[in-house]
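Heads up, the thing below is written out as structure tokens.
The values are calculated or read from the model by the stated rules, or taken from the named source; none is laboratory data. Quick caveat: nothing in here was measured; it's all calculated off a predicted structure. Methodologically, a virtual Cβ is constructed for each residue, glycine included, from the backbone with ideal geometry; neighbour enumeration extends over all protein chains shown.
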């Protein structure tokens, strides 16, 4: 399966996905990495690993629709089957959702449906829950509300801060995301087998 990855920053989950394709833990290749921040650290990392990259400055486009049309053109031009959001800090619009219907997944640092949106680790600590974690889910027009693919749990420990909890969740994300992508690949292969 051919993967496209959208990032905004350092690309640590992107790294984990690329690494998993190289060790064959994932039956996939990363065809292209696109960032909405041309100076993102993740773009440099992906280039070093020989992955095709694009840095698009959103401000160079007249509208979100035009920006996403460009993203779609790049993804389709590189034969992307599944789009993975990895630290992509924008809400996906109708253009991408329509062109890649049921083919966009995201990782979120909470046990969804709990703590959708921004600062989920902070929300988890403030709520007094005993467990936090991370979730890979399909992207829909409901923020962090699409069908869940897989999750991993992180216990909240005494004296946890937003940073210590975030760091432990991020570590789990690096194992969870490739595992969830592989689940999607296997389920897609099964469906194709059923149709054939």
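Condition check for residue 153 on (1) closer than 16 Å to residue 184 by Cβ; (2) surrounded by fewer than 16 Cβ atoms within 10 Å (Cβ to Cβ): one failure, at (1). Note on the stretch 61-89: residues that are in contact (Cβ under 8 Å) with a residue 12 or more places away in the chain, loosely packed, with under 14 Cβ neighbours inside 10 Å and out of contact with any helix residue (DSSP H, G or I) (no Cβ under 7 Å at 6 or more places or on another chain) total 3.
Please work out if residue 92 is within 25 Å of residue 58 (Cα to Cα), crowded, with 19+ Cβ neighbours inside 10 Å and modelled with pLDDT of 95 or more. For residue 92, the condition - within 25 Å of residue 58 (Cα to Cα), crowded, with 19+ Cβ neighbours inside 10 Å and modelled with pLDDT of 95 or more - is met. The sole residue among 164, 98 that is modelled with pLDDT of 95 or more, loosely packed, with under 15 Cβ neighbours inside 10 Å, out of contact with any strand residue (DSSP E or B) (no Cβ under 9 Å at 6 or more places or on another chain) and farther than 18 Å from residue 4 by Cβ is 164. For the stretch 33-55, the candidate set comprises residues that are assigned to a loop (DSSP other than H, G, I, E, B) and over 20 Å from residue 21 (Cα atoms); within that set, the residue that is nearest to the chain's Cα centre (by Cα) is 36. Hey, any hits in the stretch 183-192 for a residue that's out of contact with any helix residue (DSSP H, G or I) (no Cβ under 9 Å at 6 or more places or on another chain), in a helix (DSSP H, G or I), at pLDDT 95 or above and within 22 Å of residue 113 (Cα to Cα)? Yes, that holds for at least one residue. Take the conditions (1) without any contact (Cβ under 8 Å) to a residue 24 or more places away in the chain; (2) part of a helix (DSSP H, G or I); (3) over 16 Å from the mean Cα position of the chain (by Cα); (4) closer than 20 Å to residue 86 by Cβ; residue 171 misses just one of them, which is (3). Residues that are in a loop (DSSP other than H, G, I, E, B) and crowded, with 21+ Cβ neighbours inside 10 Å within the stretch 1-23 comprise just one, 11. Identify, please: which residue in the stretch 119-140 is in a strand (DSSP E or B) and in contact with a helix residue (DSSP H, G or I) (Cβ under 7 Å, 6 or more places away or on another chain) and is, among those, farthest from residue 101 (Cα to Cα)? Applying the filter and picking the extreme gives 132. In the stretch 64-75, the condition of being within 21 Å of residue 177 (Cα to Cα), within 16 Å of the chain's Cα centre (by Cα) and part of a helix (DSSP H, G or I) is met by at least one residue.
Check the stretch 141-161 and report whether any residue there is in contact (Cβ under 8 Å) with a residue 24 or more places away in the chain, part of a loop (DSSP other than H, G, I, E, B), under 16 Å from residue 106 (Cβ atoms) and touching a helix residue (DSSP H, G or I) at 6+ places or on another chain (Cβ under 7 Å). Within the stretch 141-161 (the criterion being in contact (Cβ under 8 Å) with a residue 24 or more places away in the chain, part of a loop (DSSP other than H, G, I, E, B), under 16 Å from residue 106 (Cβ atoms) and touching a helix residue (DSSP H, G or I) at 6+ places or on another chain (Cβ under 7 Å)), the answer is yes, since at least one residue qualifies. Screening residue 165 with (1) farther than 23 Å from residue 33 by Cβ; (2) in a loop (DSSP other than H, G, I, E, B) gives one miss only, at (2).
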